[in-house]
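The values are calculated or read from the model by the stated rules, or taken from the named source; none is laboratory data. In this text the structure is predicted, and so the values were computed from the model without any measurement. Reconstructed Cβ throughout: ideal geometry from the backbone, glycine too, with neighbour counts over all protein chains shown.
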Number of protein chains: 2
Amino acid sequence: MAPLYPTVTLVGVGLLGGSLGLALKKRGLAGEIRGFGRRASTLEKAKEIGAIDSCYEDFPKAIIGSDLVVLCTPAATVPEYLERMRMLVSTDMVVTDVASTKGDICSGFREAWVEPYRFIGSHPMAGSEKFGPEHADADLYEGAICFVEEMNGHDENAHQAIVNLWEAVGSNVVPVNPTAHDQLVARTSHVPHIAASAVAQLIAAYDDIDAFIGNGFKDATRIAEGRPEIWRDICLTNKESVLEGIAHVMERLKHVSDSLEAADAEKLDAFFQAGQDARDKVNKS
Amino acid sequence: MAPLYPTVTLVGVGLLGGSLGLALKKRGLAGEIRGFGRRASTLEKAKEIGAIDSCYEDFPKAIIGSDLVVLCTPAATVPEYLERMRMLVSTDMVVTDVASTKGDICSGFREAWVEPYRFIGSHPMAGSEKFGPEHADADLYEGAICFVEEMNGHDENAHQAIVNLWEAVGSNVVPVNPTAHDQLVARTSHVPHIAASAVAQLIAAYDDIDAFIGNGFKDATRIAEGRPEIWRDICLTNKESVLEGIAHVMERLKHVSDSLEAADAEKLDAFFQAGQDARDKVNKS
C-alpha cells in the first residue's frame, strides 16, 4: 500500500519536527521526508536519526511537489513562512503547523491566501523541556491532545487530511476556535510557565542549596527548563491573554501577601483552599 | 536487644506522625508507641494501621514516662505544645517536632525551658499533598533530608538522640541554624507553594478544561493540593521570609509583564534564560 503522504516537508526539524518525521516513518505513513532548516548541523542530525531523508536549504525547492508541509518552527516565525508558502502552495498540498499559539497564525494568512484555505493550524500538546532532534521520539504524539483549527473557509479535504495526520500518529484531535484556544492555553500553559520561571529565579543568587530542594520545588519549576526563544515567541504571539493571566496571578499574590501581613489566618486558609479546589478539577479529569 | 526507644509518644498522628510510627515499628526501634491527638477517629485509624499501640486523649498521661516525644502537629501549634511539655519533660526524655518552619519554634521555648535543652527542632523534608494516617508510609523518611537544629544550649546526648532517630529511619541529617533554614525554605518550598496555588486558581472559573491541561500544568500545580491549614500555619510562622519571597516573585512577574507590554523580545528572552539557568542548579544536584 502506498504511504498516505508520498512526500512530506518538515520546516524545522527540532524536537517536534524530528519526532513527527520519526512517527510518520515508524507507521509507514510517509514516502520521502524532506527537511528544511536554517542550521545545516541540525538538518544533518535529523537525517542521521532517520527523521528526514533529505536536507534542503532552499525553501521553494523543499516545498514544491510536497503533499504535506508541516511548519515546526517557533510561533513567531510561522506567519513569515506562511507568507513564503503562499505562492508555492498547490491544490495537491496541505499545510499545517505545530505552534502553541493559534490566534495570530490562523487569522494572519487569510487575506493573502486564496479560499478555500489549504492551511489548517494545529497545536499538538506534546513536547517537554528538551529540544533538538537528538531528543526526537517516534511516540511523542501518541496519546497527546492535538488542537486543530475548526473548519472556517478551509478546503474540506485538506482539513480532513490534517485531522487524519494527527490521528495517524496517535493523537486525540480536538477542534478549536483559535482565539478561544489562545485564551485557555494562556491560563493552562503560558502563564504557568512564566510563574515557574519566576519561582525558579528565587534560588538564582544561592549556591549550595541542594539540601533544600525537594520534589515540590522540582515539580513546580520543571517547565522553567523550556527553551527561552520558544516561550518568548509564545508570549509575543499571545500577548493580551498572557498579560491578563499574569495580572490574575499577581492579584492573587498581592492578596496572599496582604493577608499574611495582617496575619489573617482565615483569608490564608481560604486562599490555599481555593488553590486546592481548582487543582482538584485536574485530578478528576 | 531492647528497642532504642522503649516508649515513644507521637503528638499528632497524621501523615508525618503515622509514618514515623510505622517506620519505628518496622525497624524495631520502638517498644510502646503512644498516640495523642484531638480527634478520636484519627487516633483509631492510626492504631488500626499499626502506627501506634495506644490512644491517649489526656496530654500529661501521654507524655509522662515517655523516652521520646515527637510533636507532629501543624507549625503554629508547636509552641503551645512546647509550653505544655515544659512541666512534663524529664531528664530521661528527648523531644522534637517535624514542623516545616523552625525560627519561631526553636527560639520561643528557650526562656521558659531549663538549660541544657532537651527539645531539638527537626524538619524532615518528607510528605506530599496527601494527609492523614491512612496515607502513612513506613518508608516516608527513607532517603529524605532531615534538618536538625544545630547544637545551641542543648543537652549533648539529647541532641545526639534526635540525630540518631532520623538516621535510624533512613534520613540524611543536615544541621541548620533555624533562622537561616526558614529563609531558605521560604524560597525553595513556601513561596513556590503559594505561587502554585495562585497558578492553580487560573482555572478556577473554567469547566470542561480537561483537554487543555498538560503535564506542565499538572507538575507546576501539584503542590497546590497540600492541606490548607498546614500551609496557612507555615506562612504565619515564617512571615518575613515568605513576604520577601512573594515580593520577589511579584517583581519578576511585573518585569515580564512590562517587557511583554513593550514587546521587548530581548528582555523576554533574558527572563526565560534566567529561569532556565536557575533551574539548571537543581538538575546538577
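Quick look at the numbers
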read-out	value
Scope the stretch B:227-237; condition facing chain A (nearest Cβ under 7 Å) and either more than 17 Å from residue A:258 (Cβ to Cβ) or surrounded by 24 or more Cβ atoms within 10 Å (Cβ to Cβ) (or both); matching residues	B:228, B:229, B:231, B:232, B:235
So residue A:34, is it assigned by TED's automatic domain parsing to the domain that holds residue A:146 and either assigned to a loop (DSSP other than H, G, I, E, B) or of a type in the set (Asp, Glu) (or both)	no
Tally, over the stretch B:82-109, of residues that are out of contact with any strand residue (DSSP E or B) (no Cβ under 7 Å at 6 or more places or on another chain) and under 23 Å from residue B:146 (Cα atoms)	5
Qualifying positions in the stretch A:255-273 - within 7 Å of chain B (Cβ to nearest Cβ) and either in contact with a Cys (Cβ under 7 Å, 6 or more places away or on another chain) or assigned to a helix (DSSP H, G or I) (or both)	A:256, A:257, A:260, A:261, A:265, A:268, A:269, A:271, A:272, A:273
Test: residue in the stretch B:218-226 that is crowded, with 16+ Cβ neighbours inside 10 Å, among the hydroxyl-bearing types (Ser, Thr, Tyr) and more than 7 Å from chain A (Cβ to nearest Cβ)	no
Single unsatisfied condition, residue B:55 versus (1) part of a helix (DSSP H, G or I); (2) over 17 Å from residue B:98 (Cβ atoms)	(1)
All positions within the stretch B:94-129 that are of a type in the set (Phe, Trp, Tyr) and buried (at least 24 other Cβ atoms within 10 Å of the Cβ)	B:119
Any hit, the stretch A:83-93, residues being over 25 Å from residue A:3 (Cα atoms) and buried (at least 19 other Cβ atoms within 10 Å of the Cβ)	no
Boolean, residue A:75 is touching a residue at least 60 places away in the same chain (Cβ under 8 Å) and in contact with a Pro (Cβ under 9 Å, 6 or more places away or on another chain)	no
Enumeration of residues in the stretch B:1-22 that are assigned to a loop (DSSP other than H, G, I, E, B) and either over 20 Å from residue B:90 (Cα atoms) or in contact (Cβ under 8 Å) with a residue 40 or more places away in the chain (or both)	B:1, B:2, B:4, B:12, B:13, B:14
Positions within the stretch B:23-51 being crowded, with 24+ Cβ neighbours inside 10 Å, of a type outside the set (Gly, Ala, Ser) and in contact (Cβ under 8 Å) with a residue 60 or more places away in the chain, in sequence order	B:24
Which numbered condition residue B:114 fails, given (1) more than 18 Å from the chain's Cα centre (by Cα); (2) within 14 Å of another protein chain (Cβ to nearest Cβ); (3) β-branched (Val, Ile, Thr)	(2)
So residue A:240, is it of a type outside the set (Ser, Thr, Tyr), more than 7 Å from every other protein chain (Cβ to nearest Cβ) and within 20 Å of the chain's Cα centre (by Cα)	yes
Residue A:243 vs. criteria within 20 Å of residue B:234 (Cα to Cα), modelled with pLDDT of 95 or more, not assigned by TED's automatic domain parsing to the domain that holds residue A:12 and not charged (D, E, K, R)	no
Count of residues meeting criterion [farther than 21 Å from residue B:111 by Cα, buried (at least 17 other Cβ atoms within 10 Å of the Cβ) and out of contact with any Pro (no Cβ under 7 Å at 6 or more places or on another chain)] in the stretch B:130-162	9
Residues being in contact with a helix residue (DSSP H, G or I) (Cβ under 6 Å, 6 or more places away or on another chain) and under 21 Å from residue A:69 (Cβ atoms) - total across the stretch A:150-184	4
Scan of the stretch B:165-202 for residues that are surrounded by fewer than 24 Cβ atoms within 10 Å (Cβ to Cβ), within 11 Å of chain A (Cβ to nearest Cβ) and among the charged types (D, E, K, R), ordered by number	none
Residue in the stretch B:203-211 that is facing chain A (nearest Cβ under 7 Å), under 27 Å from the mean Cα position of the chain (by Cα) and either surrounded by fewer than 17 Cβ atoms within 10 Å (Cβ to Cβ) or at pLDDT 95 or above (or both) present	no
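Per-residue answers, yes or no, for (1) among the hydroxyl-bearing types (Ser, Thr, Tyr); (2) touching a Lys or Arg at 6+ places or on another chain (Cβ under 8 Å); (3) at positive phi:
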| residue | (1), (2), (3) |
| --- | --- |
| B:2 | no, no, no |
| B:7 | yes, yes, no |
| B:23 | no, no, no |
| B:41 | yes, no, no |
| B:48 | no, no, no |
